[in-house]
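The values are calculated or read from the model by the stated rules, or taken from the named source; none is laboratory data. The structure displayed is predicted, hence computed values, not measured ones. Glycine also receives a Cβ, built like all others from the backbone with ideal geometry; neighbour counts cover every protein chain displayed. When the accessible area is computed, the model is the full protein with side chains, heavy atoms only, and any ligands, DNA or RNA have been set aside. Shrake-Rupley method; radii C 1.70, N 1.55, O 1.52, S 1.80 Å.
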Amino acid sequence: MSEIPKMKAQIVSRFNISGYQIRSDASIFLAQYIAPMPDAERKRWLTSITGHVQGQGLDLPVVEKRHIELAIKEASNTGLEDNESVFSVINAFDVPKFRYCEEKRKFLPVSGGPKRDLLPGPDMKAEYIRDRYMMLWQKTSRHEMFNASKDGMVGNSVKRLTLRKIETLLATSKMNEVVILGLLTQLTEGKFYLEDPTGVVPIDLSETVFSSGLFCEGCFVLACGKFRDGTLKVEEMGFPVSELASSSRAYFGTMNTWGGRSRTLLKASRNLTELEKTNREDSIVFLSDCWLDNPVVLDKLKLLLQGYNEFPPIAIVLMGPFSKITEDPYSLKGRFAALGEILAGCEGLKMQTEIVLVPSCDDPTAANILPRPPLPDCLVTELKKRYPRITLATNPCRLQYCTQQIVVFRMDLVTKLCRNTIHFPKSGQLEDHFARTLISQGTLAPLHPIALPVHWNFDAALSLYPLPDLIVVGDPSQGFQVTEQECTVLNTGSFPKSKFAFKVYIPSSRTVEDSQIPDD
């Protein structure tokens, strides 16, 4: 740290020569960033960053910290377009919102963007559920089981089903071979109903055969059966059909549905595709329940960070809760400072690795509603001083590595779904049922809003449509990974409860490795 004042003076001098005045916090930030580098490398980086700042076309010749951060990111992405980056973290409140238009048969962006109100009017409660329904309706009605336009094909003997709206049932007293896509709900205690935008119908589940998945109040289902005297007697119940992301994206065009700076989706970027193939050793580390107030956990975390110091990953994603014992939230400031002391000695990580902090619902200081804002900046001041490459993420958050899309969600979601299911599967692995539920529902919150409250205006942040490449859930249950429709659903498990196990994702091969800190 004794070199920092000397480097700060060199930085100030370099920018003065270029005609700029650099703020003190910006010069310190840059000095801390280049401190671990060899002397020749420092000079090269300083020249490069100065050039990138000049290219920003500042209104005033005053360089702020944000200008330096952008210049560092641009300098790290040599050879890429301005809108492309190797790795980025996308805030849940910045995820774009789209709505399906039945007339045009395509998804259109919703005006307002990230400036949508956090507390909208009551009409938005029905609106976000209707948006979920329309997303599922359009992909289900396109499936070959229901696409009546294929019936005339020569040699096609497959029987086509008719997907109906509830208003059709309400106009008659009797109908066979009914197939309804609807919201599973209880409007009266102990009595289940199906609901869609056209109406509500009571259902009889006494003799229903359920397909695989975890069926909960608040999820959408496909119900097949007979309608008699105002009640739908359900013979079979399943989930809406799922589809590959490549098929889904055909209805969005090149629009950026994922979020980030680019106006177009980075999935098709040739530069990033080549970079992804070339960087075969790149990895992203995920672990959950990082209890910084537990000495044993902190020691194991220190071993993990020091172990990766020689071969740094692209990012290490640390999920909360960051304190095992609920106490004064400001006590976490000292805990993060201790983490900063560990990271300060990891020179290799400083050069290449982004540390992403994803809060849980037990971390301060936001309400238990999704999406959850990041940790308060005041808690990590000392941590950022010692390790500038810290990103405070929302929960959930989205990661973009080259062309790959990753959703990270810290929630006891497996437990919630199991507790709220109306029919627990008698066969099959729990992880398979869990993955099928998320992928078929197209959302991280396939539950009644009472069980899993959501900010109505920002439900798009929980969307899994089109499917990402990887869904990472930080659930304290046993870790697992399941792949369906080319989307991998990964549960990290609890870092302390699993004897300090964690997951490592290798983007180039799209594989997940199980890792563990060895016993002393």
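Examine the stretch 246-255 for a residue that is of a type in the set (Phe, Trp, Tyr) and at pLDDT 90 or above, and state whether such a residue exists. Checking the stretch 246-255: not a single residue is of a type in the set (Phe, Trp, Tyr) and at pLDDT 90 or above. The residue of the stretch 329-359 that is nearest to Pro376 (Cα to Cα), among those that are touching a residue at least 60 places away in the same chain (Cβ under 8 Å) and buried (at least 17 other Cβ atoms within 10 Å of the Cβ), is Val358.
Filtering the stretch 36-52 for residues that are outside any helix (DSSP H, G or I), over 19 Å from Thr353 (Cβ atoms) and without any contact (Cβ under 8 Å) to a residue 40 or more places away in the chain leaves an empty set.
Right, Asp293: in contact (Cβ under 8 Å) with a residue 40 or more places away in the chain and either of a type in the set (D, E, K, R) or open to solvent by 80 Å² or more (accessible area, probe 1.4 Å) (or both) or not? For Asp293, the condition - in contact (Cβ under 8 Å) with a residue 40 or more places away in the chain and either of a type in the set (D, E, K, R) or open to solvent by 80 Å² or more (accessible area, probe 1.4 Å) (or both) - is met. Taking the stretch 401-417 as the range and being in contact with a strand residue (DSSP E or B) (Cβ under 9 Å, 6 or more places away or on another chain) and not in a loop (DSSP other than H, G, I, E, B) as the test, the residues that pass are Tyr401, Gln404, Gln405, Ile406, Val407, Val408, Phe409, Leu413, Val414, Lys416, Leu417. Residue under question is Leu265, and the condition is that it be crowded, with 16+ Cβ neighbours inside 10 Å, of a type in the set (A, V, I, L, M, F, W, C) and out of contact with any strand residue (DSSP E or B) (no Cβ under 6 Å at 6 or more places or on another chain); does it hold? Judged against the criteria, Leu265 is a match. If you filter the stretch 363-400 down to residues that are part of a loop (DSSP other than H, G, I, E, B) and touching a Gly at 6+ places or on another chain (Cβ under 7 Å), you find that the one that is surrounded by the most Cβ atoms within 10 Å (Cβ to Cβ) is Asp363. Strands (runs of 3 or more DSSP E) fully within the stretch 184-252 that include at least 3 residues being in contact (Cβ under 8 Å) with a residue 40 or more places away in the chain: 220-228. Of the residues making up the stretch 69-88, one or more are among the polar types (S, T, N, Q), at pLDDT 85 or above and under 18 Å from Thr391 (Cβ atoms). Flag not set for Phe311, criterion: under 17 Å from Lys503 (Cβ atoms) and under 20 Å from the mean Cα position of the chain (by Cα). Among the conditions (1) closer than 17 Å to Arg261 by Cα; (2) among the aliphatic types (A, V, I, L, M); (3) touching a residue at least 60 places away in the same chain (Cβ under 8 Å); (4) surrounded by fewer than 19 Cβ atoms within 10 Å (Cβ to Cβ), Ala92 misses just one, which is (4). Criterion applied to Glu341, Glu310, Glu354, Glu347 was being closer than 30 Å to Asn457 by Cα and of a type in the set (D, E, K, R), and the one residue passing it is Glu354.
Within the stretch 218-230, if we keep just the residues that are in contact with a Ser or Thr (Cβ under 9 Å, 6 or more places away or on another chain) and open to solvent by less than 40 Å² (accessible area, probe 1.4 Å), the residue that is nearest to Ile450 (Cα to Cα) turns out to be Gly218. Residues in the stretch 446-478 that are open to solvent by 10 Å² or more (accessible area, probe 1.4 Å), among the aliphatic types (A, V, I, L, M), assigned to a helix (DSSP H, G or I) and over 17 Å from Gln400 (Cβ atoms): none. Here Leu275 meets each of (1) open to solvent by less than 20 Å² (accessible area, probe 1.4 Å); (2) closer than 20 Å to Ile506 by Cβ with one exception, condition (1). Remark: Ser27 falls outside the filter, which requires a residue to be more than 15 Å from Met351 (Cβ to Cβ), open to solvent by less than 60 Å² (accessible area, probe 1.4 Å) and without any contact (Cβ under 8 Å) to a residue 12 or more places away in the chain.
Looking at the stretch 36-43, is at least one residue surrounded by 15 or more Cβ atoms within 10 Å (Cβ to Cβ) and touching a His at 6+ places or on another chain (Cβ under 7 Å)? Looking for residues that are surrounded by 15 or more Cβ atoms within 10 Å (Cβ to Cβ) and touching a His at 6+ places or on another chain (Cβ under 7 Å), one finds none in the stretch 36-43, hence no. Residues of the stretch 423-440 that are open to solvent by 10 Å² or more (accessible area, probe 1.4 Å) and either assigned to a helix (DSSP H, G or I) or farther than 29 Å from Ser498 by Cα (or both): Leu430, Glu431, Asp432, His433, Arg436. Here Lys233 meets each of (1) open to solvent by less than 40 Å² (accessible area, probe 1.4 Å); (2) on the phi < 0 side of the Ramachandran plot with one exception, condition (1). Within the stretch 479-507, the set of residues being in contact with a strand residue (DSSP E or B) (Cβ under 7 Å, 6 or more places away or on another chain), in contact (Cβ under 8 Å) with a residue 60 or more places away in the chain and assigned to a loop (DSSP other than H, G, I, E, B) comprises Thr492, Gly493, Phe495, Phe500, Pro507. Against the numbered list (1) in contact (Cβ under 8 Å) with a residue 40 or more places away in the chain; (2) surrounded by fewer than 19 Cβ atoms within 10 Å (Cβ to Cβ), Met411 comes up short only at (2). Of all residues in the stretch 272-306, those satisfying the criterion of being among the aliphatic types (A, V, I, L, M) and assigned to a helix (DSSP H, G or I) are Leu272, Leu275, Val296, Val297, Leu298, Leu301, Leu303, Leu304, Leu305.
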